[in-house]
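The values are calculated or read from the model by the stated rules, or taken from the named source; none is laboratory data. Keep in mind the model is a prediction, meaning the values are calculated, not measured. Methodologically, a virtual Cβ is constructed for each residue, glycine included, from the backbone with ideal geometry; neighbour enumeration extends over all protein chains shown.
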Amino acid sequence: MCQVTCGRSDVPSPYLKEQWQKVIKGWVCKGMKALDLGCGSGRNTKFLRSKGLVVEDIDVCHKDVKQRYDLGENVIPVPASSVNLILLNYVLMFLSEAELSHLAEEIRRVAKYNCLIVIEMYPAKDSHCKTNDDCDIWRTMFKQYLLPYQDWRTIHKVKNRQIWQRMTEIDV
């Protein structure tokens, strides 16, 4: 997967920082668990840790990450129903349909009731999403993989950036 490496390590993504103040901070508290899947250089991990969250930073190829993990194949190394916030920043568009399905299964397993997912995507020549419309299709497909056992509602959306909240308490 190692197609993209973000050279920025000092500041979180602008969307995450902005939505922390407007949306996210109202749903999470110090000590809660977060996952930064595809964390790259760790800029968002550092931001969440500065807010008091316990963050698992997972990436398949970044040299500074302790846990190497292929999002489309491996089991996320955290207990079931233990995560309050999941970051999927600039990751989904690089996964195949089979990998999207696997990742959705893993997220269903680890997400707590009321868990938030922050998704950021962009069109990229070397990804499955060449256009903004492709990003919409890919994100919708990912959400369908999360269903029917869990209902995720969109609580914020702007272009290729969204925040979803898990609405079901118990998996069927």
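General observations
- The listed residue being assigned to a loop (DSSP other than H, G, I, E, B), out of contact with any Phe, Trp or Tyr (no Cβ under 6 Å at 6 or more places or on another chain), more than 25 Å from Gly31 (Cα to Cα) and modelled with pLDDT under 95, out of Asp70, Asp64: Asp70
- Tabulated pairs, region 146-166, first acidic (Asp, Glu), second at pLDDT 90 or above, C-beta under 8 angstrom, 6+ apart or interchain: Asp151/Arg166; Asp151/Met167
- If the condition is being surrounded by 15 or more Cβ atoms within 10 Å (Cβ to Cβ) and at pLDDT 90 or above, then region 19-38 contributes Gln19, Trp20, Val23, Ile24, Trp27, Val28, Met32, Lys33, Ala34, Leu35, Asp36, Leu37.
- The set of residues in region 39-57 that are modelled with pLDDT of 95 or more and in a loop (DSSP other than H, G, I, E, B) comprises Lys51, Gly52, Leu53.
- Residue selected from region 151-162 under the condition in contact with a Phe, Trp or Tyr (Cβ under 9 Å, 6 or more places away or on another chain) and within 22 Å of His102 (Cα to Cα), by the criterion surrounded by the fewest Cβ atoms within 10 Å (Cβ to Cβ): Arg153
- Output for region 120-170, where each listed residue is at positive phi and within 14 Å of the chain's Cα centre (by Cα): none
- Per-region count, region 106-147, residues within 30 Å of Cys29 (Cβ to Cβ) and surrounded by 15 or more Cβ atoms within 10 Å (Cβ to Cβ): 19
- Contacts under 6 angstrom Cβ, first residue in region 124-138 being in contact (Cβ under 8 Å) with a residue 24 or more places away in the chain, partner surrounded by fewer than 13 Cβ atoms within 10 Å (Cβ to Cβ), 6 or more apart: Asp126/Gln3
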